[in-house]
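Everything on this sheet refers to the single structure shown next.
No value in this document is a laboratory result; all are computed from the given coordinates. The model shown is predicted, which means the values in this text are computed figures rather than measured ones. With ideal geometry, Cβ positions are generated from the backbone for all residues, glycine too; neighbour counts draw on all protein chains shown.
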Amino acid sequence: MHQQDLGFELPGTATTKPPISLIPGYLNQAQQQALMLEAEHYPFSRPEIAVYGRMHPIPRRQVWFGDDGCDYQYSGLFIRALPWPKYALRLRDKLAHDFGLISNGVLVNHYKDGADTMGWHSDDEAEIMPGSDIASITLGASRPFFLRHKQSKQKVELQLNSGDLLIMHWPMQASWQHSLPKRAGVTQPRLNLTYRHLIPHFHQG
Ligand SMILES: O=C(O)CCC(=O)C(=O)O
């Protein structure tokens, strides 16, 4: 007899769904192109973070744009918000219009190819506004994206393609981690923009 015939699950086999929405092809070609061209002028950097007590450059490049007073701190890095570029700001407004998704900062990650990566983590910093969702936009190369439940270790794999929007709903970050693993076959660059809603002036006392 299959377990669903019993009307309950066997111990240790329960699965849960991460609170996410995936909107494939959210941005059209022109919108993708405008953002990718704009990003060629972003002041990306590759800061060093502590991993097991030793300093290493992050395995990708990044930049943080945001409203005044929306500075961000993660993995021991303090990142002052740079002023919004035109198309990144337009996309912030589009997300607010289409989904009521409020944000006041965006972290842009640039992965030069499949060797660049993002390790397992949750976006659960203290300055993230309680109750807020995080919107993640992919541009360029398609890459797999993983979610992992913190307790059960259950894994969910998504394929993120150029123009896709992934919304990570509150309170996903409390129970799930996410990562972008290496992919040897990927030779093209990928950009990712995660729009976040921070508590303004959190780092100014
Ligand atoms: O590039 C991605 O899809 C993941 C980005 C990410 O995990 C983050 O910005 O926290």
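Odds and ends about this structure:
- Note on Phe99 and Glu40: with the Förster distance fixed at 22 Å, the Cβ-Cβ geometry gives a FRET efficiency of about 0.20.
- Given +1 at the Cβ of Lys and Arg, -1 at the Cβ of Asp and Glu and no other charges, the dipole of segment 28-129 around its Cα centre is 320 debye to the nearest 20.
- Relative contact order computed over the chain (Cα-Cα under 8 Å; 6+ residues apart), in percent: 28 percent
- Whichever lysines have a C-alpha closer than 21 Å to that of Lys17, once near sequence neighbours (fewer than 8 apart) are set aside: Lys150, Lys153, Lys155
- Annotation for segment 77-180: GluC sites (Glu not before Pro) lying in DSSP loop with at most 16 further Cβ atoms inside 10 Å of their Cβ are Glu125.
- Within the chain, the longest run free of exposed loop sites, counting trypsin sites (Lys or Arg not before Pro) that sit outside DSSP helix and strand states (H, G, I, E, B) and have at most 15 other Cβ atoms within 10 Å, spans 1-79.
- Mean projection area, nm², convex hull over Cα of segment 143-187: 3.7 nm²
- A DSSP coil position with no more than 11 other Cβ atoms inside 10 Å describes none of the chymotrypsin sites (Phe, Trp or Tyr not before Pro) in segment 96-183.
- Between 0 and 90°, nearest 10: helix 29-39 axis offset from the chain longest Cα axis: 60 degrees
- Principal-axis tilt of helix 86-99 within the chain, Cα atoms, nearest 10 degrees: 40 degrees
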